[in-house]
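This report concerns only the one structure given below.
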Amino acid sequence: MNTFEADFEAEKKIMMDFMQRHEAYTQAEILATVGGPTVRRKHFLVGLKKRGELRVVKRENNQIFYSLMDAEARQERASQKRATPAGAMWTAIRVLRQFTSQDIVASLAATDGPVSDAEAQKFCSALLSAQYLKVIQKARPSQARPARYLLIRDSGPLPPNIRRMQVVVDTNEDRVVHVQGARL
């Protein structure tokens, strides 16, 4: 390990020690512990946010305050997201890879949280708009054949969040991937 890497490892340890000793802090306070912001220091904090280790606890006077989440809390949060109907459908999609909305309904029928075909179709439609899915066989209503989809973007175990205004947020990458009527 060269001195540049060793110095950065020491800086990361100083920042982590600071975060473990305090309940809430701003990004500026964290960076001040090691002499201010640099690209690699900011990247380190962004990585913590993406992995869910650093969470927002409050917003006050145009400042965001963060706190470290322990591994148990992160696992509990992920488990809760997977336990939702969207989480169950996303898990089924990830397992099936090629599927119809009816396949999703059938795979969840014996679980505690069965979903309707309309819910599955709506979820697939949103994922298709966000380019997670690709249609490999078009629907033929006259033959009662639903569309067949292929999962082309598996971003991880947590389901993308679909909001009412048709915004798809990838929880794994912590970014908006589709806004209805907008170009990102």
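Where a number appears in this text, it was derived from the coordinates with a stated rule and is not lab data. Because the structure is predicted, anything quoted here is derived from the model rather than measured. We place every Cβ from the backbone using ideal geometry, glycine too, and count neighbours over all the protein chains shown.
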For the range 101-162, place one equal point scatterer on every Cα, skip the solvent, and apply the Debye formula. What is log10 of I(q)/I(0) at q = 0.14, 0.20 Å⁻¹? -0.42, -0.86
Between Ala6 and Arg145, what is the spin-label point distance in nm, taking each point 7 Å from the Cα along the Cα→C-beta axis? 6.7
The range 158-177 and the range 60-75: distance between their alpha carbon centers, rounded to Å: 20
About the Cα centre of the range 3-69, how large is the charge dipole given +1 on each Lys and Arg Cβ and -1 on each Asp and Glu Cβ? Please answer in debye to the nearest 20. 340
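In Å, the Kirkwood hydrodynamic radius of the range 126-174 over pairs of distinct alpha carbons?
On the way: mean 1/r = 0.0829 Å⁻¹.
Computed over the range 126-174, the radius equals 12.1 Å.
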How far is helix 3-21 tilted, in degrees, relative to the longest principal axis of the Cα atoms in the chain, given as a value from 0 to 90 rounded to the nearest 10? 80
Estimated dipole of the chain in Debye, rounded to 20 [Cβ of Lys and Arg +1, of Asp and Glu -1, Cα centre]: 900
Could you work out how far the C-alpha centroid of the range 119-152 sits from that of the range 13-54, in angstrom? 42
With +1 at each Lys and Arg Cβ and -1 at each Asp and Glu Cβ, the charge dipole magnitude of the range 79-179 around its Cα centre, to the nearest 20 debye, comes out at 320
Under a crude label model (7 Å from the Cα following the beta-carbon direction), how far is Thr38 from Lys134 in nanometres? 4.3
Which angle between 0 and 90 degrees, to the nearest 10, do you get for helix 117-129 versus the longest principal axis of the chain when only C-alpha atoms count? 60
Which order do Asp103, Asp7 fall in if you start with the one that has the fewest other Cβ atoms within 10 Å? Asp7, Asp103
So what are the radius of gyration and Dmax for the Cα set of the range 3-69, in Å? 11.6, 39
How long are the semi-axes of the equivalent ellipsoid of the chain, defined as square roots of 5 times the Cα gyration tensor eigenvalues? Whole Å, largest first. 41, 17, 15
